[in-house]
Structure formats: structure tokens, C-alpha cells
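To start, the structure itself, in C-alpha cells.
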Amino acid sequence: MQTDVMNFTVEELDELCRLYMDCKLSVLEEKELEYVLSHTSMTSQAIEEVRNLMRIQGRPPRSFQPDNVRRSWNWRLFSGIAASVAVMLSVAFYFISPQDSLHSPDSDAVYIAAYSNGQRLSGREAEVSTTMAMAKADSLMNYAYLVEHANMQKANEIISETFNK
């Protein structure tokens with residue numbers, strides 16, 4: 001007789017799974033069954049069906065996996081070294097390169113980038129699109145201010161009428 005988590009047998013788990021499928025378990029019992037099924041390696045047709053219904057993924061993880069841990073550690077070490085080298089190169093480039101080459105000759109100019117339907121707009125189109133969007137936003141803010149102001153006036157009138165009566 002095979003036993004596992006909390007000394008359940010396959011037959012006992014099968015019976016609990018049948019009760020689950022017949023909707024005869026309480027919510028707490030269903031949660032406990034979900035916990036047991038996610039931590040046991042026992043299997044049967046009923047157990048697998050309930051695992052699928054509860055969306056329990058696969059088998060419980062093994063407690064010791066030296067191959068995966070070793071591969072993971074090597075990958076983390078490699079990615080850490082690569083990130084460190086990238087940071088050092090970018091800092092070195094910043095300090096070695098002349099500062100004038102990093103800026104455009106016309107340092108007061110504003111660079112505008114805009115996209116429409118997933119396509120990048122050219123310089124003039126981007127400027128026009130951005131100007132229109134800013135005008136729409138200003139118009140919306142002004143409208144919101146006017147609506148708020150009108151509602152505040154109405155509220156003040158209602159309050160003053162209430163106190164005058």
C-alpha cells in the first residue's frame with residue numbers, strides 16, 4: 001500500500017477526489033485536498049482529473065536538484081560578469097570621449113520624436129503632431145477647469161440658498 005503526504009493511501013485520495021467531483025467537500029476541505037495533491041507524487045485517474053480541475057501544475061518539485069542549481073549558478077555568474085563589464089565600458093566611454101562630441105552643435109535645439117500608427121514621424125511631422133497633442137491637452141485642461149468652476153458656483157448657490165431659508 002503506497003502512502004505519502006500525511007499518510008494518505010492512493011485509495012483514500014481517490015475517495016477524496018470522488019467526493020470533490022461530487023461537490024461534497026467544504027471549501028476548507030477542498031483547499032486541504034489541493035495542498036495534498038500539489039505535494040504528493042501519487043497518481044491515479046481520479047487524482048489526475050482533480051489536479052487538472054484544480055489547475056495544479058505537474059508533479060511536486062524534487063527537494064534536491066544539484067544539476068539545475070549548478071547550471072543556474074553558472075548562468076547567474078556569467079550574467080553578473082557581463083553586466084559589470086558593460087557598466088565599466090559605458091563609464092569608460094563617458095569619461096574618455098570628448099564632451100563636445102556628445103552634444104549637437106546646436107545645443108539649444110529641442111529634439112522631438114513622435115510616432116503615429118507605429119511609424120516614426122519625420123522632424124516636421126513630429127513637431128506638428130506634438131504641438132497638436134499639446135494644444136488638445138491644454139484645451140481639455142481648460143474645459144475641465146471651466147466645468148469644475150461652474151459646478152463649484154452651483155454648489156455655493158445651493159449652500160447659500162440652504163442657509164438663507
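The values are calculated or read from the model by the stated rules, or taken from the named source; none is laboratory data. What you see is a predicted model; the values in this text were computed from it and never measured. Cβ: placed from backbone, ideal geometry, glycine included. Neighbour counts: every protein chain shown.
Can you name every residue in segment 114-139 that is part of a loop (DSSP other than H, G, I, E, B), under 31 Å from the mean Cα position of the chain (by Cα) and small (Gly, Ala, Ser)?
Of all residues in segment 114-139, those part of a loop (DSSP other than H, G, I, E, B) come to 114, 117-118, 121-122.
If we keep only those that are under 31 Å from the mean Cα position of the chain (by Cα) too, we end up with 114, 117-118, 121.
Passing the criteria: ALA114, GLY118.
Each row is one residue, and each column tells you yes or no for (1) among the hydrophobic types (A, V, I, L, M, F, W, C); (2) over 30 Å from CYS17 (Cα atoms); (3) at pLDDT 60 or above.
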| site | (1), (2), (3) |
| --- | --- |
| GLN57 | no, no, yes |
| SER63 | no, no, no |
| LEU77 | yes, yes, yes |
| SER101 | no, yes, no |
| ASP108 | no, yes, no |
| TYR115 | no, yes, yes |
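Report, ordered by the first and then the second residue, all pairs with beta carbons closer than 8 Å, sequence separation of six or more or different chains, a first member in segment 1-24 that is assigned to a strand (DSSP E or B), and a second member that is modelled with pLDDT of 85 or more. Pairs found: THR3/THR9.
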